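Chemist: Pasting a structure below so you can have a look.
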């Protein structure tokens, strides 16, 4: 990451930049292309300008929490190369929202910047909304969109916020606070909700209803999975944490399709999970995504994956 930042400062990253691709209108924003970097790569917004220079239409930084926290004990990231997969149990390690705000305050990135927010590990789940509201207040003036992360498997009880009883009140308060912030700052900031792949049909239905009722602008499907499809018996497959990469694609696409069917057209879908080649990005669009993101795929493929996905989507009617 430091090498990438240095290359960017020296202007060398421009030599890796793929074609712009087709512009996309989504969440009321204009994206220069539909390919984005998922949250988790640049938790503290230290590298997003250099990463964006690789050709991404948008970059999502975070997850950020109100206070700095170290995350879970190391080792906490494990590669499964034969499956082009990773398992992580990072636990929202980050330098806190105040640090991130200083990083993005005067940025020069000309793509769309998303900021992913979460709760501190030691904030009781019944007070989680306070953390989300605190982060929303802080990042609102600088984010092009904000993602509410309620689906990481690595913060205790976080996924319980996806339940019908918890999600409605959380989104209602976020929607109310956004309206007040929009008046204060004279700008509207879309909110996306990032969901888990490990959802039953009843949960998909309940989440979709809450998202629509409270005026959320997008659903990001999906986060990592606690299941272990396609990696049984591999080294590190039994490590706790969330599985990402190629084995996640099928389940992630199923959840993406299910939400697309449940949600009205004005709520966008952002597809993430299992993209390792351009065709995977195209499959997300076929399943109903307006935008796509990846993280693990770039670990294995490198920056060339950006161009592969842009080319695959440029041959489609993405608008």
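The values are calculated or read from the model by the stated rules, or taken from the named source; none is laboratory data. Everything numeric in this text was worked out from a predicted model, so none of it was measured. With ideal geometry, Cβ positions are generated from the backbone for all residues, glycine too; neighbour counts draw on all protein chains shown.
Chemist: Give just the number: which of (1) in a helix (DSSP H, G or I); (2) under 20 Å from residue 27 (Cα atoms); (3) over 21 Å from the mean Cα position of the chain (by Cα) does residue 184 not satisfy?
Modeler: Failed condition: (2).
Chemist: Regarding the stretch 133-152, can at least one residue be identified that is farther than 26 Å from residue 180 by Cα and surrounded by fewer than 19 Cβ atoms within 10 Å (Cβ to Cβ)?
Modeler: No, there is no match, as no residue in the stretch 133-152 is farther than 26 Å from residue 180 by Cα and surrounded by fewer than 19 Cβ atoms within 10 Å (Cβ to Cβ).
Chemist: How many residues does the stretch 251-288 contain that are in contact with a strand residue (DSSP E or B) (Cβ under 8 Å, 6 or more places away or on another chain), within 23 Å of residue 27 (Cα to Cα), assigned to a loop (DSSP other than H, G, I, E, B) and without any contact (Cβ under 8 Å) to a residue 60 or more places away in the chain?
Modeler: 4
Chemist: Among 174, 199, which is the only one that is assigned to a loop (DSSP other than H, G, I, E, B) and within 20 Å of residue 269 (Cβ to Cβ)?
Modeler: None of the others qualify; the one that does is 199.
Chemist: For the stretch 96-113, check the following and say yes or no: at least one residue is in contact (Cβ under 8 Å) with a residue 40 or more places away in the chain, under 25 Å from residue 226 (Cβ atoms) and within 15 Å of the chain's Cα centre (by Cα).
Modeler: no
Chemist: So, residue 314, is that one at pLDDT below 95 and surrounded by fewer than 24 Cβ atoms within 10 Å (Cβ to Cβ) or not?
Modeler: Yes; evaluated as a whole, the condition is true for this residue.
Chemist: Next question. Are any residues in the stretch 50-79 surrounded by fewer than 23 Cβ atoms within 10 Å (Cβ to Cβ) and not in a loop (DSSP other than H, G, I, E, B), and if so, which ones?
Modeler: Of everything in the stretch 50-79, those that are surrounded by fewer than 23 Cβ atoms within 10 Å (Cβ to Cβ) and not in a loop (DSSP other than H, G, I, E, B) turn out to be 50, 69, 77, 78, 79.
Chemist: Which of the numbered conditions does residue 226 fail, given that it passes all the others? Conditions: (1) surrounded by fewer than 18 Cβ atoms within 10 Å (Cβ to Cβ); (2) at negative phi; (3) without any contact (Cβ under 8 Å) to a residue 24 or more places away in the chain.
Modeler: (3)
Chemist: Here's something else I'd like to know. Looking at the stretch 21-41 only, could you name the residues that are surrounded by fewer than 22 Cβ atoms within 10 Å (Cβ to Cβ) and part of a loop (DSSP other than H, G, I, E, B)?
Modeler: 22, 23, 28, 32, 41
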